[in-house]
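So the structure is just underneath, and the comments pick up after that.
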Amino acid sequence: MEKRLVFTTSTEIVRVPAETLVYITADGNYSVITLADSESFVLTMQLGQVERHIAEMLKSDDNRFIRIGKSLIVNRDFIAFINPARQKMILSDCRTFRHEVSASKEALRALKELLEKEDTK
């Protein structure tokens, strides 16, 4: 059975399969989860809280979710394109969905270098 990420607050519960979560963006004191099917959920949690919660739920060797800058967490399995100069990243499964997000040049440059190092191993 697939691993589900569960987010609970005093008023809501969101349960999603980890492999369908594409990215999470910060929106003030809220976080918005976007799934592969373009469904989205607003959580009454700050992005840092969401980041810590994901780390607690997943095994320590599961590093598919990575924080990029102050306002974005992405599922690295879906990173298809990064252009730091244009501050653009495309998250896609290359078949059924495509999400374009932006982040700072510095954050995307660091992510690009990290992925290049990993891909040469």
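No lab work stands behind these numbers, since they all come straight from the coordinates. Predicted model only: the values in this text are computed from it and were never measured. Note that we place each Cβ from the backbone using ideal geometry, even for glycine, and neighbour counts take in every protein chain shown.
If you average 1/r over every pair of different alpha-carbon atoms in the chain and take one over that average, what Kirkwood value in Å do you get? Walk me through the intermediate numbers first.
On the way: mean 1/r = 0.0674 Å⁻¹.
With all distinct Cα pairs of the chain included, I get 14.8 Å.
If only the Cβ of Lys and Arg carry +1 and only the Cβ of Asp and Glu carry -1, the dipole of the stretch 4-119 around its Cα centre is close to 280 debye.
What's the angle, to the nearest 10 degrees (0 to 90), between helix 47-57's Cα axis and the longest principal axis of the chain? Value to nearest ten degrees: 80.
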